[in-house]
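Chemist: There's a structure below that I have some questions on.
The values are calculated or read from the model by the stated rules, or taken from the named source; none is laboratory data. All values reported here derive from a predicted model rather than from experimental measurement. Because the Cβ atoms are built from the backbone with ideal geometry, glycine has one as well, and the counts that use them run over all protein chains shown.
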């Protein structure tokens, strides 16, 4: 199969997150030729955020002295539920006011080139698969653990996105059927027990019951300033409450991973997102739960590894998606 | 792509279950040309069961007056964990004594033709996909609910079997992290709450606490004779305890389905196995849980339907697997 000209041109990738917008120009070899980021300022609402995306794209093109005809496509990874077929951001917990916004066509109409829109965790999965921890691994699950838990599923080297493009909502599987209701409407979701939010909440709960911890000093007594990152700092400093809180979350993390291992028998689970910065403090107890509880053929076969691309996984993955789609169409 | 001669020949399919062995000759159009079944008598152990399989195959070939050279292949669906690559039954809760039994090569060596071995729930998934409720549906999950819950995953029209062939152990996802330990080693598995065994156990638990029900009469006071089927009979006769027990299991069934819907965004979930005979008594409450709790794009998209092939799903699926493999090799 010969490559078409379109396939050889770089992709302009956009990663629209709740906090920042990353724009990058990425070659078909996975080289990041240019990159910048700016704040999303999501509270200002969709029109303002969309203008910031357009400005960021213009700025990046201007800096490199190129125009959109020199791009193969534009590819956007966005934090939220995406209707892939229609190119809509249908809703987003991190982007207030985004309901059925036709982001793909807004960008496409402005620049006049092929434009793609996918979910950011799905994009990150593709990014890690093509250019990061999952290179050469054709069946893997990518997790991003921060305020929530997002996921992306790679099967036979391709993103599995389901019937409507909304597969991979792995953070919203019930693991505690008697647990509290999640914002998503489901009960006892994994992300309520194993996300960064869960770590902070559990630390605050225990402190408010009168337990003592160096965390109180770290946040200067302001309980509301406790984050998973600060709990991790305290644990690394030898604080026992903080260590226990992280062990609890890591155990729950392992429970959800057992589900994924039993369902998918994957070759690899890649853990990204802010919580992944805890490294083995988080991953080792989770790995142990998998070894103890998952099926005997599947448990030893899975490698549970940290992500490699950090904040750029979404942009890399958006470009990988575009290259795959272009190749698919040329076939 | 031209079909090879091998692809046009029928497959001899074997479904090795804990209770019975079904053998069938199936054409590449999905016609069952011959079929018989005999008891497994699994307690007699592997050598005896293997002899019964060989006799059953010989009998079927003898009846039809054909020899193995007139078959494209032999394909076996077996109840248990299968090492697909090596052709081993590695373990089986329903086949005592089966540990790393090289069933595929035993059959292959006897008949001298290509032989396949896959898990029976995976086979049933393929069977329903090719010839049953899932015809034309390329992304679906098949569940078989009886004493346990087994599963098979069809992605892009093919069986997804994972790295070692052990994907689809859907019954062993934790949905109650504080629940009891399952025989598999995991905690609070779905099958402990939503299988036929769970239904019978819950009915017995409630009766032993002094609640009254027509079930007591149905089993002539012998609590140990209570089965899911008898609970279903009682519920259909208007018994309120039996109805509540089924509603509880159906709700748990829905909880696990929500997980599958959020993870896979599938087009269809097919429900087979003994419990499926309850029909809408079981499926309607489960469908309602999915509508209420699963993600808004995915929930309305999934059709939750009963299986169509009954006991023959495994044999049909074993043949479908063989036809797919033969086609794959000819490509």
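Chemist: Please work out which residue is farthest from the chain's Cα centre (by Cα), limiting yourself to region A:181-196 and to residues that are buried (at least 17 other Cβ atoms within 10 Å of the Cβ) and not in a loop (DSSP other than H, G, I, E, B).
Modeler: Of all residues in region A:181-196, those buried (at least 17 other Cβ atoms within 10 Å of the Cβ) come to A:182, A:184, A:186-196.
Among the residues that remain, those that are also not in a loop (DSSP other than H, G, I, E, B) are: A:187, A:189, A:191-194, A:196.
Numbers: A:187: 22, A:189: 17, A:191: 13, A:192: 16, A:193: 18, A:194: 15, A:196: 13 Å.
Going through the qualifying residues, I end up with A:187.
Rundown of residues vs (1) in contact (Cβ under 8 Å) with a residue 24 or more places away in the chain; (2) farther than 19 Å from residue A:45 by Cα, yes/no style:
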site: A:64; (1), (2): yes, yes
site: A:67; (1), (2): no, yes
site: A:71; (1), (2): yes, yes
site: A:77; (1), (2): yes, no
site: A:80; (1), (2): yes, no
site: A:86; (1), (2): no, yes
site: A:89; (1), (2): yes, no
site: A:101; (1), (2): yes, no
site: A:121; (1), (2): yes, yes
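Chemist: So residue B:147 passes all but one of these: (1) assigned to a loop (DSSP other than H, G, I, E, B); (2) closer than 27 Å to residue A:177 by Cα; (3) more than 14 Å from every other protein chain (Cβ to nearest Cβ); (4) in contact with a strand residue (DSSP E or B) (Cβ under 9 Å, 6 or more places away or on another chain). Which condition number does it fail?
Modeler: (4)
Chemist: Moving on to the next point. Could you please give the count of residues in region B:158-172 that are more than 7 Å from chain A (Cβ to nearest Cβ) and outside any loop (DSSP other than H, G, I, E, B)?
Modeler: 3
Chemist: Continuing with this model, one more query. Can you confirm whether residue A:213 is in contact (Cβ under 8 Å) with a residue 12 or more places away in the chain, in contact with a helix residue (DSSP H, G or I) (Cβ under 8 Å, 6 or more places away or on another chain), crowded, with 21+ Cβ neighbours inside 10 Å and within 20 Å of residue A:273 (Cα to Cα)?
Modeler: Details: in contact (Cβ under 8 Å) with a residue 12 or more places away in the chain: yes; in contact with a helix residue (DSSP H, G or I) (Cβ under 8 Å, 6 or more places away or on another chain): yes; crowded, with 21+ Cβ neighbours inside 10 Å: yes; within 20 Å of residue A:273 (Cα to Cα): no.
Criteria not met by residue A:213.
Chemist: A follow-up question, please. Taking residue B:283 as the residue in question, decide whether it is farther than 30 Å from residue B:22 by Cβ, at pLDDT 95 or above and in contact with a helix residue (DSSP H, G or I) (Cβ under 8 Å, 6 or more places away or on another chain).
Modeler: Values: farther than 30 Å from residue B:22 by Cβ: no; at pLDDT 95 or above: yes; in contact with a helix residue (DSSP H, G or I) (Cβ under 8 Å, 6 or more places away or on another chain): yes.
It is false that residue B:283 is farther than 30 Å from residue B:22 by Cβ, at pLDDT 95 or above and in contact with a helix residue (DSSP H, G or I) (Cβ under 8 Å, 6 or more places away or on another chain).
Chemist: Please tell me if residue A:231 is in contact with a helix residue (DSSP H, G or I) (Cβ under 7 Å, 6 or more places away or on another chain), more than 14 Å from every other protein chain (Cβ to nearest Cβ) and under 27 Å from residue B:188 (Cβ atoms). Can you show your working first?
Modeler: Working: in contact with a helix residue (DSSP H, G or I) (Cβ under 7 Å, 6 or more places away or on another chain): yes; more than 14 Å from every other protein chain (Cβ to nearest Cβ): yes; under 27 Å from residue B:188 (Cβ atoms): yes.
Considered against the rule, which asks whether it is in contact with a helix residue (DSSP H, G or I) (Cβ under 7 Å, 6 or more places away or on another chain), more than 14 Å from every other protein chain (Cβ to nearest Cβ) and under 27 Å from residue B:188 (Cβ atoms), residue A:231 comes out as yes.
So that you can scan it fast, the table gives a plain yes or no per residue for (1) free of Cβ contacts under 8 Å to residues at least 12 places away in the same chain; (2) within 14 Å of chain A (Cβ to nearest Cβ); (3) within 30 Å of residue A:190 (Cβ to Cβ):
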position: B:236; (1), (2), (3): no, no, no
position: B:251; (1), (2), (3): no, yes, yes
position: B:257; (1), (2), (3): no, yes, yes
position: B:263; (1), (2), (3): yes, yes, yes
position: B:269; (1), (2), (3): no, yes, yes
position: B:278; (1), (2), (3): no, no, yes
position: B:285; (1), (2), (3): no, no, yes
position: B:323; (1), (2), (3): no, no, no
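Chemist: For region B:18-37, name all the residues that are within 14 Å of residue B:73 (Cα to Cα) and out of contact with any helix residue (DSSP H, G or I) (no Cβ under 8 Å at 6 or more places or on another chain).
Modeler: Matches in region B:18-37: B:27 only.
Chemist: Could you tell me which of the residues B:33, B:39, B:61, B:126 is under 25 Å from residue B:309 (Cβ atoms), buried (at least 16 other Cβ atoms within 10 Å of the Cβ), in contact with a strand residue (DSSP E or B) (Cβ under 7 Å, 6 or more places away or on another chain) and away from chain A (no Cβ under 14 Å)?
Modeler: B:126
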